[in-house]
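All remarks here apply to the structure that follows.
The values are calculated or read from the model by the stated rules, or taken from the named source; none is laboratory data. Not measured: the values here are computed from a predicted model. Cβ coordinates were reconstructed from backbone atoms using ideal geometry, including for glycine residues, and neighbour counts include every protein chain displayed.
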Amino acid sequence: MTTELTYLTLTLLLALVQVMLPAAARTVEFGSKWNAGARDTTPEARKPLTGRLERAQANLYETLPLFIGAVLIAHVAGAHGVLTAWGTALYFWARVVYVPLYALGVPYVRSLVWLVSLAGLVMVIAALFV
């Protein structure tokens, strides 16, 4: 498996973790009865951590389809090399760092880390044209 596909796989595992984190926080906040129920109404998170984890998850999902597509297109086109290897690594590791920064409510640095992940995504896309 190529470096790029390895990072894609790791990013998908990260996405699963980011599904579980806000779900666990909601269960702690609202109880297992709410979690096991039909959830006809979903109360708004009262604890900042729950809301932050939900927003961090939503933020990942904004760029994840683009990342998946770019990595797969690069793989099929045989356009993997330094740009795609570095781009996928930057995207993945920045997304890993982003989660605790968002959960802890760290401003500015969190935005800078998000920009690093975006730069990684752009690198993968740029590799398709060079």
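Of the listed requirements (1) in a helix (DSSP H, G or I); (2) farther than 25 Å from A103 by Cβ, N35 misses just one: (2). Scanning region 1-18 for residues that are over 12 Å from the mean Cα position of the chain (by Cα), surrounded by 15 or more Cβ atoms within 10 Å (Cβ to Cβ) and among the aliphatic types (A, V, I, L, M) yields a single hit, L5.
The residue that is modelled with the lowest pLDDT, among those in region 108-130 that are in a loop (DSSP other than H, G, I, E, B) and in contact with a helix residue (DSSP H, G or I) (Cβ under 9 Å, 6 or more places away or on another chain), is V130.
Among the residues of region 31-56, just one is surrounded by fewer than 18 Cβ atoms within 10 Å (Cβ to Cβ), aliphatic (A, V, I, L, M) and modelled with pLDDT of 90 or more, namely L49. Taking the criterion of being closer than 21 Å to V17 by Cα and surrounded by fewer than 18 Cβ atoms within 10 Å (Cβ to Cβ), the residues of region 64-89 that qualify are P65, L66, I68, G69, A89.
Inspection of region 19-30 identifies at least one residue that is touching a Pro at 6+ places or on another chain (Cβ under 7 Å), more than 30 Å from A85 (Cβ to Cβ) and surrounded by 13 or more Cβ atoms within 10 Å (Cβ to Cβ).
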